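Okay, so here's the structure we're looking at.
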């Protein structure tokens, strides 16, 4: 049932290649001609494999590459780096915990700087790197 559906779907535009005219002869009655559905199932397999490869190279592979780059960026962050969160908050890393970071975002007069704790996954980009280790 599925084979007939896919075969008719693939070959719908080809029409009847059996030479189906109105002529008389034993060829019409005996089905001596070939139809597109009598062809090899390899064409269907080639189409399915081609579509799967297209999805892999157009969607899955680039997404995995981006995820890998973000993971490396998050692992390489260190104290003193300037970062931007996915919400648009900009600041400097003051402390790094297991799954969170403390960011210094502003200073109010002579008071201590305002610190915000955010999850690591919420970091959108590392804007600039600090060349020295400020541990």
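Side notes on the structure shown:
- Residue 12 at pLDDT below 85 and within 30 Å of residue 128 (Cα to Cα): no
- Whichever residue in the stretch 28-61 is under 18 Å from residue 4 (Cα atoms) and exposed (fewer than 10 other Cβ atoms within 10 Å of the Cβ) and, among such residues, is modelled with the highest pLDDT: 42
- Of all residues in the stretch 107-119, those that are at pLDDT 80 or above and more than 19 Å from residue 73 (Cα to Cα) total 4.
- Here residue 79 fulfils each of the conditions (1) more than 23 Å from residue 67 (Cβ to Cβ); (2) part of a strand (DSSP E or B); (3) at pLDDT 90 or above apart from (2).
The values are calculated or read from the model by the stated rules, or taken from the named source; none is laboratory data. Computed from a predicted structure; not experimentally measured. Ideal geometry is used to build each Cβ from the backbone, glycine not excepted, and the neighbour counts take in all protein chains shown.
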